[in-house]
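This report concerns only the one structure given below.
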Amino acid sequence: MTRARLVVGNWKMNPPSVDAAVALARAVAETPPPAHVAVGVAPPSVALVAVSAALRGSPVAVYAQDVHWEDRGAHTGAIAASMLAGHATGTIVGHSEVRREQGDDDARVARKLARAVAGGLRVVLCVGESEAEFLAGETERLIVRQIAVDAAPLQAARERSGALVVAYEPIWAIGTGRPATPTHASNAARVIRRALDGLGLDGAATAVLYGGSVTAASAPEFAAADGIDGALVGGASLAAAEFASIVRAFG
Ligand code: PEP
């Protein structure tokens, strides 16, 4: 099974201004990705429109970092999936920082995923265990539970299940400089695909990314890891040259 490869830079609450985000986007677009590797960047929502305009005509796709599960209304601070039309091709949902800081549980993540997919967006669904769960040997149980709830809306929208990408992001590896081993990531990818199959979805056809302290130095071993189709990159995506090396590693 050949799956498309994908590397997405999650800029989080960076860089410090819209102008700096546009400059970073332009710098990313200067290095065309290898054939068969799709590239995306996820700027903060205030910079989405400007970054999307700066990247028009380039192969670099724009992703939102999150969307709301409703389409309109009294949801201060949120953006609707439909507002991204013409500006983003996809969105991240379920990032552990959003789960932690904004109280997203799996039920909310599932509703966000459903709304994003219905709105025609590609969805990068983040799942992954905490350090305590990792140390307790509960990685598999946690991932299976997250996928069973978060991806469940796709059971009723199987024709759109190609829109799903899953990012395995162990929380203890995010921003710590301590990536998981490629073997651990490969095992997690296997569990993710089995859990998708359990929902009646096509695990083998679903791209699984690894995220958590990926750098230019560690990218080649994740690119070579069984079942890993790309990366979700935080800190290292803020330097265009390093991000380009990571993208190249997946080519
Ligand atoms: C992330 O936030 O999705 C991430 C993987 O961050 P970092 O690469 O900085 O660990």
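Some observations on this one:
- Mean shadow area of the range 94-143 over all directions, Cα convex hull, nm²: 3.8 nm²
- A Cβ-based charge dipole, computed about the Cα centre of the chain with Lys and Arg at +1 and Asp and Glu at -1, lands at about 500 debye.
- Couplings for the range 73-81, taken from phi via the Karplus curve 6.51 cos²θ - 1.76 cosθ + 1.60 with θ = phi - 60°, read x, 7, 9, 3, x, 9, 10, 8, 4 Hz in order; Gly and Pro are left as x.
- Summarising the overall dimensions of the range 33-119 from its C-alpha atoms, the Rg and Dmax are 13.4, 43 angstrom.
- Built amide H within the under 5 Å cut-off of Gly9, gap 5+: Gly40, Val41, Ala42, Val233
- The slack in the chain from Ala85 to Arg190, taken as 0.36 nm per residue of separation less the alpha-carbon distance, amounts to 34.5 nm.
- Residues considered: Ala136, Ala85, Ala21. Largest GNM mean-square fluctuation over the chain, using C-alpha springs under 10 Å, is found at Ala136.
- Of Val127, Trp172, Ser161, farthest towards positive along the dipole that unit charges on Lys, Arg, Asp, Glu beta carbons give the range 122-245: Ser161
- Heavy-atom accessible area per residue - the chain, 1.4 Å, Å²: 42 Å²
- Residue-by-residue Karplus 3J(HN,Hα) for the range 126-137, coefficients 6.51, -1.76, 1.60, Hz, glycine and proline x: 9, 9, x, 8, 6, 4, 4, 5, 4, 5, 7, x
- Using 0.36 nm per residue and subtracting the Cα-Cα separation, the extra length available between Ala50 and Thr181 on full extension is 43.5 nm.
- Carbon plus sulfur fraction of accessible area for the range 122-245, probe 1.4 Å, in percent: 55 percent
- Global size of the chain as Cα Rg and Dmax, reported in angstrom: 16.6, 48
- Local charge for Val124 was computed over the other residues whose Cβ lies under 11 Å away, with Lys and Arg +1 and Asp and Glu -1, and equals -1.
- Build a GNM of the chain with springs between Cα atoms under 10 Å apart, and of Gly86, Gly235, Gly212 the one that fluctuates most is Gly86.
The values are calculated or read from the model by the stated rules, or taken from the named source; none is laboratory data. The structure displayed is predicted, hence computed values, not measured ones. Note that we place each Cβ from the backbone using ideal geometry, even for glycine, and neighbour counts take in every protein chain shown. Side chains are part of the model used for accessible areas, which takes the heavy atoms of the whole protein and leaves out ligands, DNA and RNA. Shrake-Rupley method; radii C 1.70, N 1.55, O 1.52, S 1.80 Å.
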